[in-house]
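Below is one structure, written out as structure tokens; comments come after it.
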Amino acid sequence: MRKKLIAGNWKMNKDIHETATLVEQLKNSITPTIQNSNTPVDILICPPFTSLVIAKMMIKEVPLKLGAQNMSQHEEGAYTGEVSAKMLKSIGCDYVILGHSERRQYFKETNELINAKSKQALKHGLTPIICVGETLEEREAGVTEDIIKTQVKGVLSEMTSDEVAKCVIAYEPVWAIGTGKTATPEQANQVHQFIRKLVGQLYSWTVAEKLIIQYGGSMNDKNAAELLSQSDIDGGLIGGASLKADAFAAIVLAGMEVAKE
Ligand code: PGA
């Protein structure tokens, strides 16, 4: 059975002081739920770059993992303003979110670039959480599957089966991000099944069965249980609700309940 992955994408929120407060609150809300590190869910927080080190220091004793929200496709060198996979690894990151729709939209990231970044992340032992998702216009035009297919093929291009098995895919319909509009559990699950089937065809069923596919887009403490209980939804990538310790803890708890069933 696939382990659920509940991840908080803090986006460009929380300075170092606010980070310390939120991490402390998270520890208080989540630790009673998690007795030891053998949890049936993996829990991840992805603060901004400037907060990664303090967050790492604060979560040493608790089973929370750390991820970044972006990184460079390059190894090192004259790339002013960029952060490398090696740097992230050296401060204790295990994951990195790549190709989020906000990066695709505002920073013109392409499938090709996201593919290069994902390979670079894997090379340094980071798990890439690779985001895909259609816009409202695309959904209404009935081309959701075509868009997802192009994105999945593009971001996983020229990876080996072993590499693909180490990736996480986050299905985030763009129209559901930060809008309060969630895909229905059935709508989301349908796309998750489509992605799994596609990976099965492109690579192998063994890889597809193992692949963690998260849902993201207005997931919160109210709708998490229903979304997470779908057959092919293996976790959540949570924006807004991850900034509130109680809401995030409730989503983690929902994941744990589902995992018990
Ligand atoms: P949201 O964001 O939960 O605020 O919709 C999700 C995301 O963008 O990853």
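Readers should treat all values here as calculations from the given coordinates under stated rules, not as data from a laboratory. All figures in this text were calculated on a predicted structure; none of them were measured in a lab. Glycine also receives a Cβ, built like all others from the backbone with ideal geometry; neighbour counts cover every protein chain displayed.
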Query raised in the report: With a 10 Å Cβ neighbour count serving as the proxy for reagent exposure, in which order, fewest first, do 95, 79 appear?
Result: 79, 95
Query raised in the report: Which ordering of 97, 251 is given by a fewest-first count of other beta-carbon atoms within 10 Å?
Result: 97, 251
Report summary line: Counting only residues 5 or more apart in sequence or on a different chain, those whose built amide H sits under 5 Å from that of residue 170 are 130, 131, 132, 214
Query - Phi to ³J(HN,Hα) by Karplus 6.51 cos²θ - 1.76 cosθ + 1.60 over region 42-55, Hz, x for Gly, Pro - result: 9, 10, 9, 10, 10, x, x, 3, 5, 9, 5, 5, 5, 4
Query raised in the report: Any idea what the dipole of the chain comes to, in debye rounded to 20, about its Cα centre with Lys/Arg Cβ at +1 and Asp/Glu Cβ at -1?
Result: 480 debye
Query raised in the report: Do you know the relative contact order of region 1-93, to the nearest whole percent, from alpha carbon pairs under 8 angstrom that are 6+ apart?
Result: 30 percent
Query raised in the report: How long is the gain from residue 193 to residue 261 if the chain were fully straight, where each residue apart is worth 0.36 nm and the alpha carbon distance is subtracted?
Result: 22.4 nm
Report summary line: Note on the chain: C-alpha Rg/Rh, Kirkwood Rh, two decimals, gives 0.94
Query raised in the report: Using only helices, what value at 222 nm comes out for the chain when you add -39,500 (n - 2.57) per DSSP H run of length 4 or more and divide by the total residues, to the nearest 500 deg cm²/dmol?
Result: -12500 deg cm²/dmol
Query raised in the report: Using the count of nearby Cβ atoms within 10 Å as a rough guide to exposure, how do 49, 107, 248 rank from fewest to most?
Result: 107, 49, 248
Report task. At 0.36 nm per residue, minus the direct Cα-Cα distance, what do residue 204 and residue 57 gain on full extension? Give it in nm, one decimal, please. Result -> 49.0 nm
Query raised in the report: Taking the Cα centre of each part, how many Å lie between region 54-131 and region 184-248?
Result: 20 Å
Query raised in the report: Counting alpha carbon pairs within less than 8 Å and at least 6 residues apart, what relative contact order, in whole percent, applies to the chain?
Result: 22 percent
**Report entry** Leading residue at positive end of dipole, the chain (Cβ point charges), from 46, 84, 70
**Finding:** 84
Report summary line: TM-like helix rule applied to the chain (DSSP H, alpha carbon span at least 15 Å on the long axis, mean Kyte-Doolittle at least 0.0) gives 245-260
Query raised in the report: What FRET efficiency, computed as 1/(1 + (r/R0)^6) with R0 = 30 Å and r the Cβ-Cβ distance, is obtained for residue 49 and residue 28, rounded to the nearest 0.05?
Result: 0.75
Query raised in the report: Reachable lysines from residue 181, Cα under 18 Å, same-chain residues fewer than 8 places away excluded?
Result: 222
Requested in this report: Please build a GNM for the chain, connecting alpha carbons under 10 Å apart, and tell me which residue among 234, 221, 162 fluctuates the most.
Outcome: 162
Requested in this report: At 7 Å along the Cα-to-beta-carbon direction for both residue 112 and residue 146, put a label point, then send me their distance in nm to one decimal.
Outcome: 2.1 nm
